[in-house]
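I have placed the structure first, in the form of structure tokens, so that the comments after it can refer back to it.
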């Protein structure tokens, strides 16, 4: 009987290992196909594709810099807007919300995450863009001289894209952060109260304990913002230019793929668009790798302290 169970355990380990290997092979296959299908663009433009700001299909000049800028700029700004709100929602639902309100509020938060991107885009066009246009129309003239607020008062532009991305990121980040805070041992809060801490101080202790998971939740939202397509495409203006202004129409990598892929009239144009997808793929990998390194660096001091106190002899540890 023990040998039978050992064989079953080995089969289960091989099965789960094979599934994990399939994921690695899938990522490698996607990367290989993107590189293969963008060979013409890579051969002609090389690394200048990343730094060239000209996107002119008529003359055959392609550069992804405006799209890289638009993607990173909108995602970072959306993250700055969404992270405090998401963390506040998570803290309220896990620490402060009355029990009878917690379930319906959690349901509403998760419902926001289930709304399709195209529905957010329609909401952005008919509700958000007019509201942003009204703000731009009444914006103080002296502030419009700053580089962050120059541009047409049309409502279509970077500000609308940032706001709609923030709305779409909040449900994901807050849901993960809430689950992380729920996983904090009750003993952490009880220990804080036993030392005379206020409720806010006990919540801060729980936040410190869960900081690694909260960083992971924020990075998950960042990844969601990087790859968002339809909603951003419908409100950002789709103009391949680099600008600090929140009022200027700009472009993202996902948006240019959605808008122009079916219009690629020649092979170089098509390969350039596929290389934009390759650039987005690489940036996503870099962001995820950086987030893992950040989480690892935050966990490493805790592991070092644990080793110091558990592996040394009792006299030395004391």
Would you mind ranking 198, 71 so that the residue whose beta carbon has the fewest other beta carbons within 10 Å leads the list? 198, 71
Just want to confirm a number: the relative contact order over the chain, from Cα pairs under 8 angstrom separated by 6+ residues, in percent. 26
Euclidean distance between Cα centres, the range 165-204 to the range 257-296, Å: 35
Can you put 65, 182 in order, fewest other beta carbons within 10 Å first? 182, 65
Quick check: from the Cα gyration tensor, does the range 1-151 come out rounded (a/c under 1.5), prolate or oblate? oblate
Between (i) 22.9; (ii) 20.0; (iii) 22.4, which matches Kirkwood radius over Cα pairs in Å calculated for the structure shown? (i)
Can you give me the angle between helix 65-91 and the longest principal axis of the chain, using Cα atoms only, in degrees from 0 to 90, rounded to the nearest 10? 40
How far is helix 2-37 tilted off the main Cα axis of the chain, in degrees rounded to 10, range 0 to 90? 20
Full-stretch length increase - residue 212, residue 85 - with 0.36 nm per residue and alpha-carbon distance subtracted: 43.9 nm
Go through 73-82, 227-236, 263-272, 112-121 and give me the packing order, highest mean Cβ count within 10 Å leading. 227-236, 73-82, 263-272, 112-121
Relative contact order, percent, of the range 178-251 when contacts are C-alpha pairs under 8 Å separated by at least 6 residues? 21
Value of [θ]222 nm, deg cm²/dmol, for the chain, DSSP H segments ≥ 4, -39500 (n - 2.57) each, nearest 500: -24000 deg cm²/dmol
Added length on full extension, which subtracts the Cα-Cα distance from 0.36 nm per residue, residue 61 to residue 28: 9.0 nm
Please list 207-220, 241-254, 34-47, 160-173 highest first by mean number of surrounding beta-carbon atoms within 10 Å per residue. 160-173, 241-254, 207-220, 34-47
Starting with the fewest neighbours, write out 176, 256 ranked by other beta-carbon atoms found within 10 Å of each beta-carbon. 176, 256
By how many degrees, between 0 and 90 and to the nearest 10, does the Cα long axis of helix 199-209 differ from the longest principal axis of the chain? 80
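Every number here is computed from the coordinates shown, using simple stated rules; none is lab data. For clarity, every value in this text was computed on a predicted model and none was experimentally measured. Cβ coordinates were reconstructed from backbone atoms using ideal geometry, including for glycine residues, and neighbour counts include every protein chain displayed.
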